[in-house]
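Structure first, commentary second.
The values are calculated or read from the model by the stated rules, or taken from the named source; none is laboratory data. What you see is a predicted model; the values in this text were computed from it and never measured. A quick note on method: Cβ atoms are made from the backbone with ideal geometry, for glycine too, and the neighbour counts reach across all protein chains shown. The accessibility values were calculated without ligands, DNA or RNA, using every heavy atom of the protein model including side chains. Shrake-Rupley method; radii C 1.70, N 1.55, O 1.52, S 1.80 Å.
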Amino acid sequence: DIRDPKLAVIKKQLVVYALLNKRFDPEPYKTVSAHSNDGMTWSPFADVTPTGWLLGCPVSADNAIWFAPAHRIDHGTAALLRSTDGVTWDVHASIHAGDRADETAVQFLADGRMLAVTRLEADGGIFGNAEAGTLISMAEFPFTKWTQLGWSKVTRLDGPTLVRDGERVYALGRRQVKVARPLLGQGSALGQKRSALFVVEGGELVHLVDFPSAGDTSYPGAVSVDGKMFVSYYTNDPRRDPSWLVGMLMPTKIQMAMINLPVIASEAKQSPREEIEETK
């Protein structure tokens, strides 16, 4: 199986990164990449080095040096990798070790600092964990020393994405509708899920709006253009609302949505169909 693709434009080539996976219960173990000059013809997948790291979406401030968040499932470690060609990477800094640190997204702020959000699973398990959540961290250039701003319990941000629009940074990923002990801890496979939009405010995530989604959903890609945010994500049929566990056994589809920026918390709605233009 191959999963979790991310795109970047490096050295004037379109590059796709993906994770090789061992089993149905996801256990990705390395990153591969392919490149293209036109988006139509692609090179074969090749291993990204160093092996064992699972790369998130790369970012660059100057199109010369690239940074990518990465994690290791076997170590529970989130790190920042550095590269000049997008193929060979060096471990540049540790973002967080422990707490079953998992998927991470990074984004530059307007002042040149870098923000990171990290999925923390705590003890994990089918019923989730009350201590699971999202770690929010910050680093100044050269991004070797990371400061924890907060541990948000609003969501365990599975498949995180960060998008900056002016001074605001938006986070996108999976949200659990209800969190309650003992069966519906944060990240529980029995819970109902949504693909959701948040704004990062200091060390906290503020939930803004859910996209039309249900069941097995999220892993969004997003970009802001001319005051609008365009979002792609996968989901079960939004007209049904299965648990995440049941949704894993059901068909999914890719959906795209558009939402006007900025999104203000006091104006966002829980049922945003009239707010979001949805295309199938």
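For C57, the conditions (1) within 30 Å of V246 (Cα to Cα); (2) without any contact (Cβ under 8 Å) to a residue 60 or more places away in the chain all hold with the exception of (2). Of the residues making up region 92-127, those that are surrounded by fewer than 17 Cβ atoms within 10 Å (Cβ to Cβ), out of contact with any Lys or Arg (no Cβ under 8 Å at 6 or more places or on another chain) and either among the aliphatic types (A, V, I, L, M) or assigned to a strand (DSSP E or B) (or both) are S94, A97, I126. Taking the condition modelled with pLDDT under 95 and over 14 Å from the mean Cα position of the chain (by Cα), does E204 pass? Answer is no for this residue. Specify the residue that is nearest to the chain's Cα centre (by Cα); the eligible residues are those in region 158-169 that are surrounded by fewer than 24 Cβ atoms within 10 Å (Cβ to Cβ) and assigned to a strand (DSSP E or B). Here the residue is V163. Report yes if some residue within region 50-60 is closer than 22 Å to R164 by Cα and more than 19 Å from the chain's Cα centre (by Cα); otherwise report no. No: zero hits. Of all residue pairs spaced 6 or more apart or on separate chains, those with beta-carbon atoms under 6 Å, a first member in region 22-43 that is more than 25 Å from H71 (Cβ to Cβ) and a second member that is assigned to a loop (DSSP other than H, G, I, E, B) are S36/W42. Checked against the criterion of being within 25 Å of A110 (Cα to Cα), open to solvent by less than 40 Å² (accessible area, probe 1.4 Å) and in contact (Cβ under 8 Å) with a residue 24 or more places away in the chain, region 243-260 contains one or more residues that satisfy it. Picking from residues in region 28-50 that are loosely packed, with under 14 Cβ neighbours inside 10 Å and among the aliphatic types (A, V, I, L, M), the one that is farthest from A116 (Cα to Cα) is M40. If only residues of region 208-235 that are open to solvent by less than 20 Å² (accessible area, probe 1.4 Å) and among the β-branched types (V, I, T) are counted, the one that is nearest to P262 (Cα to Cα) is V209.
Residues being surrounded by 14 or more Cβ atoms within 10 Å (Cβ to Cβ) and under 18 Å from A97 (Cα atoms): count how many of those fall in region 64-74. Residues meeting the conditions: 6. In summary, D85 fulfils each of the numbered conditions (1) touching a residue at least 60 places away in the same chain (Cβ under 8 Å); (2) over 18 Å from the mean Cα position of the chain (by Cα); (3) in a strand (DSSP E or B) with the single exception of condition (3).
Filtered by the rule that a residue be modelled with pLDDT under 95 and either outside any loop (DSSP other than H, G, I, E, B) or open to solvent by less than 50 Å² (accessible area, probe 1.4 Å) (or both), region 51-63 gives a lone residue, G52.
Any residue at all in region 224-238 that is within 22 Å of A130 (Cα to Cα) and of a type outside the set (G, A, S)? No, that holds for no residue.
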